Amino acid sequence: MDSRVLLQVMTASGVKVTADEAEVVARSLAPIEHAESELLSSLSLDISVAQFVGLLESDTAAGRNT
Amino acid sequence: MNDPTTLSLRQAVRLMTDGHLNAEALLEACLDRVARVQPKLNCFVRLRPEAARSAARGADLAVRQGRASGPLHGIPLAHKDMFYRAGEVCTCGSKIRADFVPDLTATVLARLDAAGAIDIGRLNMAEFAMGPTGHNEHFGRCRNPWNVEHISGGSSSGSGAAVAAGLVFGALGSDTGGSVRLPAAACGVVGIKPTHGRVSTFGAMPLSHSLDTVGVLARDVGDCAKLFSILAGPDASDAASKRKPADEYEGAMAHAGEEGSLAGVIVGVPSRHYYEAIDDEVAALLAASRRVLERQGAKIVDVPIGDHGAINDLSNAVLWPEAVSLHLPWLRERPQDYAAQTRARLLVGLGVSAPLYMSAARARTALLQEFLRDTFSRCDMLHVPVLKRPVPTAAETDVGGSPTMARTLAQIVANTRPLNYLGLPALSVPIGLTRSGLPQAMQLVGRPFAEALLFRVGAAYEAKSDRGALRPPI
């Protein structure tokens, strides 16, 4: 995201943010956005956040645990 | 008796049980060592000697009166300054909470109290648990007991340094992106990051509720398992706590010293990310640690793995929006009271869109499914480094909130943070020293709730290696 647009988005939260800080955040967001394009492009509509908790405790996840 | 601070926790418990050691004597030995070492390391932010002495007197009186004692009877511990104890200041490593006094006690502290442990004070940490190096502008940097010019690791910096230096027998830490495993690795102690929801987070300062875990650091694997057995298990006070009962962690290590004790265990070495761009010296130590496991009967296999580098980056889309939502009122009203680095990292959360946050949170299910299917179908656990390079100096990592900050810190947490995103347990175990005299560690990564297996394999390694349970010359 362009750092000037980002500055507007961030200051809308009520937090004072400088242009330099927005520039640093923009750089931090770049790898996140790259990961998004790589990992999330085929994410199914049918997956919910709550399923993660169930998966951790499921038999599917269990293996040799001792 | 020689200096009792050199004992392991389990040895101290045995001597206490047999009547060869009492709680007051052990506490005074620890407080004396703290007084000598604290100026060098800065690992404590606050001691509570009178409360500790009172508890130790009570413990000794209970023994004299023939009353039952707990499994940690009279054992001095100290904890990262983010676990609430009703009526006592809890700074969370910050200026903002310098006077914060909670009105509740963390479940983990209550469980250790009930087991008979003596809480001697609060340990240094990164501000609000945001920082993997041990720097803290408000309380000063916690220094590495192996070489004070090097980082202790963070954010549970004081926990790693205090346990390594023999000031206490164990310490609580929290791990949202590596904050138990990094200081454990850098200071040469054992640290467990549990499965998400295995240990209660009630009464622990939150950072990112999806990723937060409470772990523990100790001098060796057996001590770590003993402490973990008291901490693990369901907690009705914690909505994120899992209902699954705790396993038998100490019992899992019963055959650790026997030949072939790891027969049938398959240890996977991932093909991507975790070993990429690794330092040669660190790689050699890790290869040696795998050979020890192999000699115990473990089968070492190469395993495929997804793009955990991208997972590492994606975890920021969960961590920082959750963190900034907690800190928004203070960021608006008291921005000057944050260290530059903490503030810079929190601001990332303001830049992540709501759809991206939700998608990253939803994707955990799909990525964990993929990991279980493609990787854990071929092995019982992973063997990976905690740090890819030797422990850096404080100067090398003193980046504040500068433009290079994100890249520098991302390199440090590259091998720890993906596992928080996936919710998996991981055990950091020392494997020796690099030429610079600083520790290195292997990280054993298990399926959900496989902590007992991690302890079993870690203990087998320690039993057959002269490189576990390191003690710094301080």
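Each value in this text was obtained by applying a stated rule to the coordinates, not by laboratory testing. In this text the structure is predicted, and so the values were computed from the model without any measurement. Every residue, glycine as well, gets a Cβ built from its backbone with ideal geometry; the counts of neighbours run over all protein chains shown.
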Q. After finding the eigenvalues of the alpha carbon gyration tensor for the protein assembly as shown, what semi-axes result from the square roots of 5 times each, listed largest first in whole Å?
A. 34, 28, 22
Q. What average count of beta carbons from other chains do you get within 10 Å of the Cβ of residues in B:311-318?
A. 5
Q | Partner lysines for B:Lys464 [C-alpha distance under 26 Å; skip if fewer than 8 residues away on the same chain] | A | B:Lys193, B:Lys226, B:Lys299, B:Lys388
Q. To the nearest µm²/s, what D does Stokes-Einstein give for region B:106-146 at 37 °C and 0.692 mPa s, using the Kirkwood radius over alpha carbon pairs as Rh?
A. 267 µm²/s
Q.
Quick check: from the Cα gyration tensor, does region A:3-56 come out rounded (a/c under 1.5), prolate or oblate?
A. prolate
Q | Whole-number D in µm² s⁻¹ for region B:2-45, Kirkwood Cα-pair radius fed into Stokes-Einstein, 4 °C, 1.567 mPa s | A | 115 µm²/s
Q.
Can you give me the distance in nm between label points at B:Leu47 and B:Arg407, each placed 7 Å from the Cα along the Cα-to-Cβ direction?
A. 4.4 nm
Q: Pull out a ≥ b ≥ c, the square roots of the eigenvalues of the alpha-carbon gyration tensor of region B:325-474, then state rounded if a/c is under 1.5, prolate if not and a/b is larger than b/c, and oblate in the remaining case.
A: oblate
Q) Just in region B:232-280: which trypsin sites (Lys or Arg not before Pro) are loop by DSSP and have at most 15 other Cβ atoms within 10 Å? A) B:Arg243, B:Arg272
Q: Between B:Ala277 and B:Thr6, with labels modelled 7 Å along Cα→Cβ, what's the label distance in nm to one decimal, could you check?
A: 4.2 nm
Q | In Hz, Karplus ³J(HN,Hα) per residue of region A:4-20 (6.51, -1.76, 1.60; θ = phi - 60°; x = Gly, Pro) | A | 6, 5, 4, 4, 5, 4, 5, 5, 4, 6, x, 8, 6, 9, 8, 5, 5
**Q.** Relative contact order of chain B, defined on C-alpha pairs under 8 angstrom at six or more residues apart (%)
**A.** 17 percent
Q. Taking every residue in B:372-381, how many Cβ atoms of other protein chains lie within 10 Å of its Cβ, on average?
A. 2
Q: Using only alpha carbon positions, build the gyration tensor of region B:191-327, then give the equivalent ellipsoid semi-axes as the square roots of 5 times its eigenvalues, largest first, whole angstrom.
A: 30, 24, 13
Q: Report, by chain and number, residues whose modeled amide H sits under 5 Å from the one on B:Ile118, excluding near sequence neighbours (fewer than 5 apart, same chain).
A: B:Gly74, B:Ile75, B:Leu77
Q | Two-decimal ratio, region B:136-189, of alpha-carbon radius of gyration to 2.2 N^0.38 Å | A | 1.00
Q: Evaluate the relative contact order of region B:82-177 (contact order divided by residue number), counting alpha-carbon pairs under 8 angstrom at least 6 apart; express in whole percent.
A: 20 percent
Q: Collect residues whose amide H, placed 1.01 Å from N in the peptide plane, falls under 5 Å from the amide H of B:Gly432; neighbours closer than 5 in sequence don't count.
A: B:Gln440
Q: Return a whole-number percent for the relative contact order of region B:186-319, with Cα pairs under 8 Å and 6 or more residues apart as the contact set.
A: 22 percent
(Q) Quick check on chain B: take the gyration tensor over C-alpha atoms, sort the square-rooted eigenvalues as a ≥ b ≥ c, and tell me if it's rounded (a/c under 1.5), prolate or oblate. (A) rounded
Q. Any idea how far the Cα center of region B:93-109 sits from the one of region A:1-41, in Å?
A. 32 Å
Q) What residues qualify as long-range amide H neighbours of B:Gly173, i.e. H under 5 Å apart, gap of 5 or more or another chain, H built at 1.01 Å from N? A) B:Gly215, B:Val216, B:Leu217
